Structures are given as C-alpha cells and as structure tokens.
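Remarks on the structure that follows.
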Protein chains: 2
Amino acid sequence: MSQRRAKAELEESRSDARVVGEGPLAIIAGGGTLPCALADAATARGRGVHILGIRGEADEAIARFPHTWLKWGEVGKLFATLEDRDCRDLVIIGAVKRPDLANVRFDLGAIKNLPFLLSLGMGGDDHVLSSVVRFLESKGYRVHGAGDVAPELLAGEGKLGANAPSNEDQADIEAAFHVVAALGRLDVGQAAVVVKGHVLAVEAAEGTDAMLARCAELRRRGSGRRSPTGVLAKAPKPGQEERVDLPTIGPGTVEKAAQAGLAGIAVAAGRVLIAERTATIATADKHGLFLFGRKPAEVPDA
Amino acid sequence: MSQRRAKAELEESRSDARVVGEGPLAIIAGGGTLPCALADAATARGRGVHILGIRGEADEAIARFPHTWLKWGEVGKLFATLEDRDCRDLVIIGAVKRPDLANVRFDLGAIKNLPFLLSLGMGGDDHVLSSVVRFLESKGYRVHGAGDVAPELLAGEGKLGANAPSNEDQADIEAAFHVVAALGRLDVGQAAVVVKGHVLAVEAAEGTDAMLARCAELRRRGSGRRSPTGVLAKAPKPGQEERVDLPTIGPGTVEKAAQAGLAGIAVAAGRVLIAERTATIATADKHGLFLFGRKPAEVPDA
C-alpha cells in the first residue's frame with residue numbers, strides 16, 4: 001500500500017512539476033535559445049512562465065515573455081521577484097560565463113547569503129551548480145530539469161537525422177563514450193573526439209567548440225583531404241547535477257564538427273539538450289553527418 | 001644460481017648497452033637538441049656514434065657528428081647505412097611530425113617491408129613506435145632508451161631547480177598525476193593541467209605546447225591577474241614503449257607554463273627527458289616556477 005501510495009504521490013508531484021504547479025514557472029535564463037524554447041514548451045502546456053534573464057548572458061528575445069532582468073549579485077532582487085510573481089518552481093537553463101567576482105556588485109540579499117556565496121569557491125562547475133540548487137531548495141523552491149518540463153528538448157534514442165553511424169562509426173562512438181565516462185569520473189569534462197579508435201581531443205575547461213576548432217586545425221595539418229571519419233561524443237558526468245547543467249549541442253556544434261571532418265555526433269540519449277532542434281538536424285543532414293542518441297543502458301559504468 | 005646468473009647477464013648486457021657495444025651507437029634523430037645531447041653523452045663515455053638524421057625533422061647541428069641524412073621512406077638506405085657503419089645498437093630520439101604518407105617516396109628497402117609499413121596504420125603514436133621497435137629488433141638490432149645511454153638526460157627526483165612546490169601545489173601535483181594516469185590507461189595523452197584541484201586542460205593529440213597556450217588563453221579570460229597557481233604534470237602512458245617515446249620538457253615548455261600562470265611543472269622522475277637541462281632549469285628559476293621530479297613509487301597505479 002505505502003509503496004503504491006508513495007509512487008502515486010511521486011507521479012502526482014512529477015506531473016505537477018511538469019505542467020500544473022502554483023504560479024508561473026520561473027526560468028532563470030543564461031545565454032542561447034533554450035530559455036525561450038523552454039518558455040514556449042511550458043506555455044504550450046498551459047503553464048505560465050516568468051523569465052529571470054541574467055544581464056549580459058540571456059538573449060534579448062526573452063522580452064516576448066513576462067520577464068525581469070537580473071545582474072550577477074542581485075540575489076535579493078531574485079528572491080523578491082520570485083516572491084512577487086508567486087513562483088515556487090524553478091528551471092535554470094542556458095549557458096553562463098563564470099562571472100568576474102571582482103566586478104560583481106552584491107545587493108542586500110546577496111550580502112545576507114554571503115557565507116554561502118563565498119563557499120562556492122573554485123571547484124568544478126558542477127560543484128558550483130549543485131550548490132546553487134541546494135541553496136535554492138533550502139529557501140523552499142523546487143528546482144526542476146528542463147527535460148522534466150519539456151522532454152522534447154532532450155536528445156532521443158537512435159538516429160536523430162537522416163544519417164546513421166556506420167559500423168566503424170559505432171566503434172568510435174563506443175570508444176569515445178568510454179573516454180567520456182572515464183573523464184567524467186575525474187570531473188574533467190563531458191566530451192571527447194575519437195577518430196578510428198584514436199583519441200584526437202578531450203574537453204576540459206575550454207568547452208566543446210574550442211575542442212572542435214582544435215580538431216579541425218589538427219586535421220588540416222594532417223595528411224590532406226580525407227573522407228569524414230570520427231565522432232564527437234557528449235554525455236553528462238556521473239553524479240552531475242543533471243537538473244541544471246546538461247551538456248548541450250546545437251547547429252554551431254554540428255558546423256564545427258563538420259569543419260573538423262567528423263562523421264557525426266553521438267550524445268547520451270535523454271541526458272543531452274538539443275538547442276534549435278530543427279536547425280541542428282538540418283545542419284547535420286546538409287553536411288552528411290549523423291546525429292545519434294546512445295541509449296542510457298549502453299553508457300559504460302553509468 | 002640460475003637467478004644470480006641471469007641477473008649477472010642482465011647487468012652485463014645493460015652496461016654493454018650503455019657504453020661498450022661493438023661499432024658506433026646509431027642515433028636515429030628527430031627534431032630538437034636531444035639527439036646532439038645524446039651523441040655528446042655517448043662520446044664522453046668513449047662510445048662512437050653515427051647519427052641518422054631524418055630530413056626535415058633533425059637539426060642541422062647533427063652535422064658536427066658522423067652522420068647520414070635520411071628521408072621518410074628511405075628504409076633501404078637506413079639499413080644500408082647501419083650495415084656499412086657496423087651499427088648494431090640504436091637509439092631513436094627527438095620529436096617527429098607524423099609524415100604525410102601521400103608525399104613519402106619509398107625506396108626499395110621500404111617496398112620490401114611494405115606489409116609491415118602498411119600495418120602501422122592509424123593507431124596511437126605509441127602503437128606505431130612500439131611496432132617500429134619490434135620491426136628493428138626483428139632485423140637483429142638492439143634498441144636502447146636514451147636514458148640507458150645517458151641517464152643524466154632524464155628528470156631526477158625531487159626539486160630540480162631553485163623552487164619547491166608548496167603544500168597546495170603538492171595537492172595539485174597528485175590530482176594531475178591521477179588524471180594523467182587515468183588518461184594514459186585510455187591511451188589518450190601524457191599531460192594535464194590542474195589548478196586548485198580543478199582540471200583546466202587535458203592533452204590528447206595537440207601536444208603539450210598547444211595545451212599550455214589554451215590554458216594561458218583560458219586564464220586571460222578569467223578573473224584578471226592572479227598569483228601563479230596550478231601545475232602541469234607529465235608522465236608516460238602505462239605500457240608505453242619507453243625506449244623510444246618518453247615525454248619531454250624543455251625551456252619552451254617552461255616559458256609556456258609561465259605564460260599560463262602556473263606555479264610549476266611536475267614530471268615522473270626517471271621517465272621524462274629534459275632537453276637543454278641548464279636552460280630549462282634557468283628558465284624555471286627566472287620565472288619562479290618549480291620543477292619537480294615525482295618519485296615512481298608515488299605514481300598512482302603505475
């Protein structure tokens with residue numbers, strides 16, 4: 001009984017999180033198109049939204065939704081807005097640059113929470129984000145993943161565009177996921193490039209785009225024109241706070257993978273966000289690249 | 001008895017390898033100053049040398065020793081020279097770029113060995129080099145490590161220059177060696193940069209200099225001027241053919257580490273070559289960087 005009851009409650013709370021809830025869904029927005037995509041998805045489900053755009057990070061396009069602009073350090077304004085708009089459910093989404101703390105002006109709400117803010121220190125990004133989630137939860141907010149609200153933003157399973165990986169590509173996919181899993185356990189990064197079994201590049205702090213630019217440069221210096229081979233693999237780190245920090249690909253990732261002469265991109269299905277899905281898939285199709293969602297069960301040691 | 005005998009024979013063959021041998025020591029030379037440093041070290045020990053300089057890779061300075069220039073693909077000329085000069089002992093040393101096979105002209109000796117050459121394929125560099133060693137051994141040559149001939153070319157233990165790592169640096173050293181060991185097991189690379197426990201960069205095919213340039217760029221974008229922190233760690237991969245492919249540092253590595261704002265460089269003692277030792281240490285001292293040889297016993301999982 002109690003198990004069924006717990007399960008029913010869980011399902012209720014989940015469907016609650018997805019669509020219903022009280023008050024609008026608050027979207028704390030970094031850069032890129034995902035915050036608006038999420039707001040559209042929530043709105044289509046009948047859920048009101050209020051976007052809290054981080055100044056200098058979020059796109060001006062958030063202005064087509066109810067919104068408030070926040071600067072880094074305006075923690076008091078964040079809580080005042082959430083209170084004022086009656087938001088209890090939050091999603092944090094979009095890319096952010098690590099702020100230069102020397103130039104951040106802290107408001108009164110930030111000063112009050114200074115011991116927490118100082119505790120963020122200089123760990124991995126993952127540590128910072130999971131601390132932020134715990135901080136918001138300690139204030140009584142519910143933090144949801146973008147995929148809980150709009151599963152269509154996540155990569156599905158199998159072939160996502162027109163092209164499928166060959167058997168050779170599949171071998172590179174497995175090798176690349178093996179590297180990404182090993183790196184993830186060391187809290188290093190979320191991506192690697194493998195070409196014919198050879199690890200060409202590994203991502204740490206520089207990000208996927210910089211890693212792909214390096215691959216393009218390495219292959220230009222190599223032996224001339226070749227048919228596209230090799231794969232970019234992306235997956236979250238084990239233990240990563242997947243509600244707020246999922247790896248993301250978009251049309252730019254595909255363009256850079258094409259420039260690096262890769263055959264395609266493989267992502268952990270259900271655990272990687274796709275920005276501008278239509279454009280991302282169209283770009284892959286145009287360049288003849290595969291986009292592949294690797295099933296969770298196949299992720300090694302996950 | 002037989003154990004003691006075997007040990008005596010091993011020691012005899014080792015001292016033989018180091019200095020005595022019959023005929024001059026053949027040095028197959030790639031780029032940089034190490035081939036000449038090795039030739040000097042062998043000469044100082046009374047061993048004659050003959051340098052086989054790879055055209056486009058080896059420095060013109062090899063001309064002060066008995067030498068022959070070889071192009072990529074001149075495998076027949078290599079064996080003819082070794083025969084002519086009565087060389088049975090070989091060292092392969094110095095940096096090489098992966099040749100563009102489309103532009104290599106193979107001589108008759110290469111054609112005869114084409115099945116082997118084709119088998120080199122596109123594995124990791126390590127695979128290629130250990131195959132080359134097995135190939136030369138199959139022809140009856142003895143392949144030695146540079147450190148067998150001239151141990152002074154290897155990094156020693158502990159503090160190598162004027163500066164020693166702090167306790168915080170030691171923690172970064174341990175973290176960085178942990179990452180390098182994990183990467184090495186995946187045949188990825190030999191180096192990583194860790195700053196206050198955070199993995200800033202990981203080396204794959206781009207090489208250490210490119211990785212350090214990336215770190216400098218990342219830190220410029222970060223929060224302004226900081227006191228130097230973090231460490232570059234270098235160590236061979238487990239199972240790597242250490243006779244022909246040891247990681248190397250030199251004055252340029254130290255300059256780039258300084259530009260990246262690191263506190264120092266740690267290498268696996270006895271398993272990393274130092275090019276231009278005097279200049280390397282002087283450069284580290286000038287910039288206030290530590291150079292540290294980490295004891296083999298401390299290398300995790302080695």
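Between the residues A:ALA61, A:THR43, A:GLY32, the greatest Cα displacement towards the positive end of the dipole of the range A:31-70, with unit charges on the Cβ of Lys, Arg, Asp and Glu, is found for A:THR43.
Excluding same-chain neighbours fewer than eight residues apart, the lysines reachable from A:LYS71 by a Cα-Cα span under 22 Å are A:LYS97, A:LYS112, A:LYS139. Considering all alpha-carbon pairs of the range B:197-297, what whole percent are spaced by more than 20 angstrom? Distances greater than 20 Å cover 36 percent of the Cα pairs.
Each label was represented as a point 7 Å from its Cα along the Cα-to-Cβ direction; for A:LYS71 and B:THR43 these points are 6.7 nm apart. In this assembly of identical copies, the label point of A:LYS196 (Cα plus 7 Å along Cα-to-Cβ) is separated from its counterparts by 4.3 nm, sorted shortest first. Going by neighbour counts of Cβ atoms within 10 Å, the residues B:LEU153, A:LEU212 line up, fewest first, as B:LEU153, A:LEU212. With its label point defined 7 Å out from Cα along the Cα-to-Cβ axis, B:LYS286 lies at 4.9 nm from the matching points of the other copies, in increasing order.
Taking label points 7 Å from Cα along the Cα-to-Cβ direction, A:THR33 and B:LYS97 give a separation of 3.9 nm. Measuring from label point to label point, each 7 Å out along Cα→Cβ, what is the A:LYS196 to B:ASP59 span in nm? According to this spin-label approximation, the distance is 3.3 nm.
Evaluating kT/(6 pi eta Rh) at 25 °C and 0.890 mPa s, with the Kirkwood radius of the range B:244-288 over Cα pairs in the Stokes-Einstein relation, gives 228 µm² s⁻¹. Stretching the chain fully between A:GLU157 and A:ASP209 yields a gain of 16.4 nm (0.36 nm per residue, less the alpha carbon separation). Pairs of lysines in the range A:152-302 whose Cα atoms sit within less than 21 Å of one another amount to 11, provided the residues are eight or more positions apart or on different chains. Among chain A residues, the one whose Cβ is nearest the axis of the rotation from A to B, given with its distance rounded to whole Å, is A:VAL202, 2.
Take the Cβ atoms of A:GLU168 and A:LYS295, set R0 to 25 Å, and the FRET efficiency comes out at 0.80.
Ordered by the number of other Cβ atoms lying within 10 Å of each residue's own Cβ, fewest first, A:LYS295, A:LYS196 fall into the sequence A:LYS295, A:LYS196.
At a 10 Å Cβ-Cβ cut-off, how would you order A:THR280, A:THR81, fewest neighbours first?
Listed from fewest to most nearby Cβ atoms, that is A:THR81, A:THR280.
When B:ASP40 is represented by a point 7 angstrom out along its Cα-to-C-beta vector, the spacings to that point in the other copies are 6.7 nm, nearest first. State the Cα centre-to-centre distance between the range A:52-103 and the range B:179-231 in whole Å. One Cα centre to the other: 32 Å. Other chains near A:202-213: what is the mean number of their Cβ atoms within 10 Å of each residue's Cβ? Mean shielding by partner chains, rounded to a whole number: 5.
None of the figures in this text is laboratory data; all of them are computed from the coordinates on show. Everything numeric in this text was worked out from a predicted model, so none of it was measured. Neighbour counts run over all protein chains shown; Cβ positions are idealised from the backbone, glycine included.
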